[in-house]
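First up is the structure itself, then whatever we jot down about it.
Read-outs: derived from the displayed coordinates by stated rules, not from any lab. Remember, predicted model here, so these are calculated numbers, not experimental data. Quick reminder, even Gly has a Cβ in these numbers, built from the backbone with ideal geometry, and neighbours come from all protein chains shown.
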Amino acid sequence: MTVWRRRHSPLCRTTDLVEAWVTSAVVLLIVFAAPAAGWLCGTLTHEALRESVRAQHEQRHRTTAYVLRTTTGPVLLPDPENPSESAPHIGVVARWTAHDGTGRTGAVSTTQRVAGPGDRVRMWTDDRGRPVGRPMRGATADTHATIAGIGAAAAAAGLFEGGRRLFVWRLTRRRYARLDRAWAEAGPDWGRTGAGS
């Protein structure tokens, strides 16, 4: 390690050694602690999202609705994680049977190009029979947890590097202040005979 070799050099200042040791410590933190923070965050996020996926699959039910007429009013927002949901949506007023067996009527959206009276539309409802979005997929939860873990690792690495830069900036300012004081003390003696220079 260069810090170990340079520590006895007459040109190496104490602040140089401190800066080198701090940099070495931050490199170790970025290599080991940042991935550990990312793994921990990703694991906790994954567990929470998997629980949410399980709960959504228990509380949401797929059913078939029968179109009564088209509408221009507000409808259930499309599901962004479903590729087919990026297709144009139309609003329809439909009738469906809730999970508890009661009949419901309301506005829903469909990607069918033509949805006329009597057409069938697949939809999701909650335990009360209200239209809801499709439950989250396990793969989507995995992706979100992975992104959260990578983000946490990057944030930890950025925090460590930002702390190192702040420390080195303050160390450099102190170094320059000391140098200014030394020059100010030596300044009055410049060019004088017998001043020892």
Inset, instruction - Take each of the peptides 50-61, 143-154, average the number of other beta-carbon atoms within 10 Å over its residues, and list them starting from the highest. - result: 143-154, 50-61
Legend entry - Burial order of peptide ranges 19-30, 171-182 (average beta-carbon count within 10 Å, highest first): 19-30, 171-182
